[in-house]
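A.B. asks: One structure coming up, written as structure tokens, with questions to follow.
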Amino acid sequence: MLAAALSTFWKSRSATAATTPAKSVAELQKNWRALLADGIKVPAAGEPLKLSKEEWRKRLTPEQFHILREEGTEPPGSSPLNNEKRPGIFACAGCGLPLFTSEMKYESGTGWPSFFTTIPGAFGKSTDYKLILPRTEYHCIRCGGHHGHVFDDGPKPTGQRWCNNGIALKFMPKNAKAAT
Ligand SMILES: [Zn+2]
């Protein structure tokens, strides 16, 4: 009896191992800090950053201000981050909150940096009607800065396409040497 039970146990174990993807979305979300460079401090979602319009104008470039604070959209194909493939973290250009990891990025062919999931709790959502049909707008939970729109035509397993303005992001490579 015991031998039979053990044999069934090992069979089911190896079957599970063979069909489990290298890293599940839940793992990518849970272990996002593995992509953070050593010794780098980042803000937490629970520390809100509220600034006046004038303070944001001083802090951001005119392009960043337009996207983040006026819900602008950059021209497709304009962001160098479309081709960014190094391991690391994509943080909010407004407040530094980590939003995505390099393992969540994929090539959507749209001309905007695209991700199939996010670091948990990084964004709030709203519905906008700028193009008549409703779209789901998303923004940084910490500073309220607009980042992009999320669509349901992304790759498996999430089916999500987080279409992000590159200007709204700051890339922090995992292997960056901390400034001394
Ligand atoms: Zn932010």
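The values are calculated or read from the model by the stated rules, or taken from the named source; none is laboratory data. Keep in mind that what you see is a predicted model, and the values were worked out from it rather than measured. Cβ placement follows ideal geometry from the backbone for every residue including glycine, while neighbour counts extend to all protein chains displayed. Surface accessibility is based on the protein's heavy atoms, side chains included, excluding ligands, DNA and RNA. Shrake-Rupley method; radii C 1.70, N 1.55, O 1.52, S 1.80 Å.
A.B. asks: Say whether the condition of being part of a loop (DSSP other than H, G, I, E, B), open to solvent by 50 Å² or more (accessible area, probe 1.4 Å), more than 12 Å from the ligand (Cβ to nearest atom) and in contact (Cβ under 8 Å) with a residue 60 or more places away in the chain is met by at least one residue in the stretch 150-169.
C.D. replies: yes
A.B. asks: Do we find that residue 142 is among the charged types (D, E, K, R), within 16 Å of the ligand (Cβ to nearest atom), part of a loop (DSSP other than H, G, I, E, B) and over 12 Å from the mean Cα position of the chain (by Cα) in this structure?
C.D. replies: Taking the combined requirement at face value, the residue satisfies it.
A.B. asks: Turning to a different aspect of this structure: Condition check: of a type outside the set (Phe, Trp, Tyr), modelled with pLDDT of 95 or more, closer than 24 Å to residue 137 by Cα and open to solvent by 80 Å² or more (accessible area, probe 1.4 Å). Does residue 86 satisfy that?
C.D. replies: no
A.B. asks: Scanning for something part of a strand (DSSP E or B), crowded, with 23+ Cβ neighbours inside 10 Å and touching a residue at least 40 places away in the same chain (Cβ under 8 Å), does the stretch 103-114 turn up at least one residue?
C.D. replies: At the first step, the residues of the stretch 103-114 found to be part of a strand (DSSP E or B) are 105-106, 114.
Within this subset, residues satisfying the condition of being crowded, with 23+ Cβ neighbours inside 10 Å are 114.
Next, only the ones that are touching a residue at least 40 places away in the same chain (Cβ under 8 Å) stay: 114.
For the stretch 103-114, residues part of a strand (DSSP E or B), crowded, with 23+ Cβ neighbours inside 10 Å and touching a residue at least 40 places away in the same chain (Cβ under 8 Å): present.
A.B. asks: Would you be able to tell me the number of residues in the stretch 115-134 that are assigned to a loop (DSSP other than H, G, I, E, B), open to solvent by less than 60 Å² (accessible area, probe 1.4 Å) and either more than 16 Å from residue 28 (Cα to Cα) or of a type outside the set (S, T, N, Q) (or both)?
C.D. replies: 4
A.B. asks: Only residues in the stretch 54-77 that are within 13 Å of the ligand (Cβ to nearest atom) and outside any helix (DSSP H, G or I) count as the first member; pair them with residues that are open to solvent by less than 90 Å² (accessible area, probe 1.4 Å) and of a type in the set (Gly, Ala, Ser), Cβ under 8 angstrom, at least 6 apart or cross-chain, and list the lot.
C.D. replies: Cβ pairs passing all conditions: 60/93; 60/94.
A.B. asks: Here's a check for you: in the stretch 37-71, which residue that is acidic (Asp, Glu) and surrounded by 14 or more Cβ atoms within 10 Å (Cβ to Cβ) is farthest from residue 138 (Cα to Cα)?
C.D. replies: Per the criteria, the residue is 63.
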